[in-house]
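The values are calculated or read from the model by the stated rules, or taken from the named source; none is laboratory data. No experiment lies behind these values; they were computed from the predicted model shown. Neighbour counts run over all protein chains shown; Cβ positions are idealised from the backbone, glycine included.
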Amino acid sequence: MKNRLKLKILAGFGLLVAMLASAGAFSIFEFYRMSRSLNALIDDNYKTIVASRAMLEALEREDSGILMLMLGQWDEGRHIIGSADSAFMHAFIQAENNLTEPNEGAYVEKVRMSYRDYKTLWERPIAGTERQGDMLWYQHELHQAFLQTKAEVNALMELNQQSMYDEATLLEAKSKRAMMPGIMAILSAILFSIMFNFFISRYLVAPLREMSGALQRYNFQSPELKVNIRSNDEVRALADELNHLLRRMWDKLGLK
Amino acid sequence: MRTEVVIKYLGIILLVNAAMLFVAFLISVLLQETSTIPLLFSTLVCVILGIFPLIFVERVHDISFQEGLSIVVIGWTMTCIAGMLPYIMWGGEFSLVNAFFESVSGYTTTGSTILTDVEALPKGLLFWRASTHWLGGIGIVAFVLLILPKSRNPRLKLMNVEISEIARQNFRYTTRRVLGMLAGVYLLLTLAETLLLNLAGMGLFDSIAHSFATIATGGFSTRNLSVAYYDSLAIEIIIVVFMVLSGMHFGLLFTTFTGKPQNIFRSKVALSYVGAMAVGMLLVAANLYWLGYHSPGQALRTAMFQVASVGTTTGFATEDTAAWPSFSILILIWFTIQCAMAGSTSGGLKFDRVYLMVHSLRKQLRLLKHPNAVVTLRIDGQVIDESLERQTLVFILMYVLVFVTSTLLLTLLDVSLLTAFSASIACLGNVGPGFEHVSSMGNFSELPAAGKFVLSIVMLLGRLEIFSVLGFLSTLRGR
């Protein structure tokens, strides 16, 4: 019986702390996962989207360079094409090293192939050859290859944009999920506190009040205090001791 | 009434739920799903709130009838609230009302769902959804009684509240025996169906979930197309057999399995129940065939499954019955009203009450003819006293009153008449599917939130058989 009440109260507080601690831990864990998703969103998809945009810009510049070659401006054309090609390859390598979506490798491969075909067309000399000024050749071959490469880069960008959108939608659900343990813990803690308060009142406060009332009303008619104790702990021990004390008093005073 | 005693039993009910939640959590962990934390946290909440009263409240040797009523009514309501925790924490289609509806539908073994895409749910949550059926099927309080120490009085009092008067007619054993028998038959049927479904080609997880739903006469499937997804005659036959068995009085199943003389084949109620269902199946099959909906074989197959599904209050589907001819729909509505046998895992009106009322009517007609005659009503050799007859009549009237009120409230919320009518009767009877928007292939997601809440209360009333709730409310008034 020793320390039973103390253990009960301790258990109550322990369980409350356990609930709040676990809610806190779960929320922290969910928020950590959310921040990781956010990082992934930026690192994975956004990087490829930026690289795709750079590839598209490089392609446009290459097209301008080709038109300059067609007009016979050899030096300026070659210079623009050279810098655009290196910008394209730089962006392409970035995208190639950042495969995060299922099937993204196939998309990157398509970009590589179409760019290779496109490059084959403009790598051969244009200025000073029969292709200079041949707008039909430009229209039917070069521009088609250019459009094809652009379409493949766009497809790669759309794949990552869609994935980014999906992930952002998931993030909303994740943030809700991260908040829920906290909300649930607050509601459960309120319920638990009401229950705790009820038990403390029923098993500690009420018997003490009852004993105090019985002592106040005590009129030496019987050697026993009539109190209703529902538990088997220190409170009952106190009531038993009080009755024991009364019995001894009665014996000592010779009351019957 | 001792509140602490009621709280103690509520705590035990929460612990039973926590045990099943923990199994669902383990599945989620194994499959590394998004439902892991919602299930773990729900388990912890149930354990913490459940274990605390056990620390404070000393052993109980006796409970009063009022305490029993409170334990059953508050226990069921609290269980439904605890059951919605993993749903609401997981999110997706589960708003507060949706989660409550799904949880109530699970525990009351109704099987109506608000989910438009069941297959999007993680396996852990699907298992929990099926488990609510399984826990609710045998009765969450009966589960508690099974794990309680052998104190006779609390068991008897709680059993008297949990199991209706009409169902107790066939349980001629001690409370402890009845509990053991219920649990034995329940487990045996679950294991047997799981095994057979698995042998018929259904995956193990789906077999367990479907057998939980069948034996509890629930109806939650793990597939958007319900049983139609499998398109397997063998699976359909197995489910039909187990649905019919689960719709029968478990006491009669026990006596039949153990070769006792008072068995299904000697029970006029059981034979009438099966007979009515067979007639229903044939009528629907004939109607579907004559109107050119199906070939004879397909008509019989579909009719057999759907009539058994509705007639046993299970609610699985192999076809959208909303597209059926009016006659077949009316037959299904009749079975939705009639429900399964008392003493089974189903809720609602119960076939026994309909049977008793028909015989009571015959008795009254005889008394009109011979006013001075002494006519006793006997069912399966047992004399039915007039108080039970009156009680049954009052129950039916209360049942109709709840149904009409629910329909009125739904129409007030701008729900169409057929949807309101069929949803109310299907939820009150714990059947599951209704017609029009809430048909066997539809769901309750389109209903307004207030309508879902009304139907959740109706499902609980159907499961608790109205009288328990009224008794509890009068106890509160008395206080």
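Pairs are defined by a Cβ separation below 6 Å, a sequence spacing of at least 6 or placement on different chains, a first member in region B:214-235 that is on the phi < 0 side of the Ramachandran plot and touching a residue at least 60 places away in the same chain (Cβ under 8 Å), and a second member that is β-branched (Val, Ile, Thr) and not in a helix (DSSP H, G or I); the pairs so defined are B:Ala216/B:Thr109; B:Ala216/B:Thr345; B:Gly218/B:Thr109; B:Val227/B:Thr318; B:Ala228/B:Thr318. Out of A:Ile81, A:Ile28, one residue alone is part of a helix (DSSP H, G or I), among the β-branched types (Val, Ile, Thr), within 14 Å of another protein chain (Cβ to nearest Cβ) and farther than 23 Å from A:Asn160 by Cα. It is A:Ile28.
Scan region B:189-207 for residues that are closer than 21 Å to B:Thr132 by Cβ and surrounded by fewer than 24 Cβ atoms within 10 Å (Cβ to Cβ) and the total you get is 9. Screening A:Ala18, A:Ala11, A:Ala23, A:Ala40 for residues that are away from chain B (no Cβ under 12 Å) and either in contact with a Pro (Cβ under 8 Å, 6 or more places away or on another chain) or of a type outside the set (Phe, Trp, Tyr) (or both) leaves exactly one candidate, A:Ala40.
Every residue, every condition in (1) farther than 30 Å from B:Val6 by Cβ; (2) out of contact with any helix residue (DSSP H, G or I) (no Cβ under 9 Å at 6 or more places or on another chain); (3) within 14 Å of chain B (Cβ to nearest Cβ); (4) polar (S, T, N, Q), yes or no:
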| position | (1), (2), (3), (4) |
| --- | --- |
| A:Gln132 | yes, no, no, yes |
| A:Leu142 | yes, no, no, no |
| A:Gln148 | yes, no, no, yes |
| A:Asn154 | yes, no, no, yes |
| A:Leu170 | yes, no, yes, no |
| A:Arg177 | yes, no, yes, no |
| A:Ile190 | no, yes, yes, no |
| A:Ser193 | no, no, yes, yes |
| A:Phe199 | no, no, yes, no |
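Among the residues of region A:197-236, the one identified as small (Gly, Ala, Ser), at pLDDT below 85 and either in contact with a strand residue (DSSP E or B) (Cβ under 9 Å, 6 or more places away or on another chain) or part of a helix (DSSP H, G or I) (or both) is A:Ala214. Here B:Ser445 passes the criteria (1) crowded, with 20+ Cβ neighbours inside 10 Å; (2) on the phi < 0 side of the Ramachandran plot except the one numbered (1). Under the condition of being in contact (Cβ under 8 Å) with a residue 60 or more places away in the chain and either hydroxyl-bearing (Ser, Thr, Tyr) or touching a Phe, Trp or Tyr at 6+ places or on another chain (Cβ under 8 Å) (or both), the residues counted in region A:232-256 number 2. For region B:255-300, the tally of residues that are in contact (Cβ under 8 Å) with a residue 60 or more places away in the chain and touching a Leu at 6+ places or on another chain (Cβ under 7 Å) stands at 2. Would a scan of region B:260-277 turn up a residue that is in contact with a Pro (Cβ under 6 Å, 6 or more places away or on another chain), surrounded by fewer than 18 Cβ atoms within 10 Å (Cβ to Cβ) and not in a helix (DSSP H, G or I)? Checked region B:260-277: no residue is in contact with a Pro (Cβ under 6 Å, 6 or more places away or on another chain), surrounded by fewer than 18 Cβ atoms within 10 Å (Cβ to Cβ) and not in a helix (DSSP H, G or I).
Search region B:12-46 for residues being within 9 Å of chain A (Cβ to nearest Cβ) and either in contact with a Pro (Cβ under 6 Å, 6 or more places away or on another chain) or aromatic (Phe, Trp, Tyr) (or both), and hand back the single one that is nearest to A:Leu171 (Cα to Cα). Looking at the filtered set, the residue picked out is B:Thr34.
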